[in-house]
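Participant: Next up is a structure, given as structure tokens.
Nothing in this text is a laboratory measurement; each read-out follows from the coordinates by a stated rule. These figures come from a predicted structure and were not determined experimentally. Counting neighbours? That spans all protein chains shown, and the Cβs are built from the backbone with ideal geometry, glycine included.
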Amino acid sequence: MDYQLVDILNADQLEIGDLIGVDEYIVEIVNIVSLPNGYILTFKDEYGEKDFIEIDDNQKFDLYIIPEEDE
């Protein structure tokens, strides 16, 4: 699947449904839990497998979209 990089977001700008880069993968955020100094992000990959990471307030993430094909 082709993705297009559209922005770089701070941790506090992330929303459920965002497609972000985590390591070398592009994943979809399915849940966000706020912590005193960060967040726990639950995400799923292109195969539907879920995982989570704990992030700091100051982390940044690449935001992607799936571009619409020209008709």
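Participant: What is the projected area of the convex hull of the Cα atoms of the chain, averaged over all directions, in nm²?
Facilitator: On the way: hull surface 19.9 nm².
Value for the chain: 5.0 nm².
Participant: Now for a separate question. To make sure I understand, if each residue's beta carbon is the centre and we count other beta carbons within 10 Å, what order do Leu14, Leu5, Leu41 fall in, fewest to most? Show your work: numbers first, answer last.
Facilitator: Values: Leu14 18, Leu5 12, Leu41 24.
Listing Leu14, Leu5, Leu41 from fewest to most nearby Cβ atoms yields Leu5, Leu14, Leu41.
Participant: Now for a separate question. Quick one: order Glu68, Glu54 by neighbouring beta-carbon count within 10 Å, fewest to most.
Facilitator: On the way: Glu68 7, Glu54 10.
By the 10 Å Cβ count, ascending, the order reads Glu68, Glu54.
Participant: Taking the chain as a Gaussian network, where each spring joins two C-alpha atoms under 10 Å apart, which residue of Asp56, Asp23, Asp12 fluctuates the most?
Facilitator: Maximum fluctuation in the GNM of the chain, among the listed residues, is at Asp23.
Participant: Of the chymotrypsin sites (Phe, Trp or Tyr not before Pro) in the range 1-53, which ones lie in a loop per DSSP and count no more than 15 other C-beta atoms within 10 Å?
Facilitator: Sites meeting the loop and neighbour criteria: Tyr3, Tyr47.
Participant: Same structure, new question: Size of the dipole of the chain about the Cα centre, Lys and Arg at +1 and Asp and Glu at -1 on the beta carbon, nothing else charged, in debye to 20?
Facilitator: On the way: 3 positive and 20 negative charges, 90 e Å.
The dipole of the chain has a size of about 440 debye.
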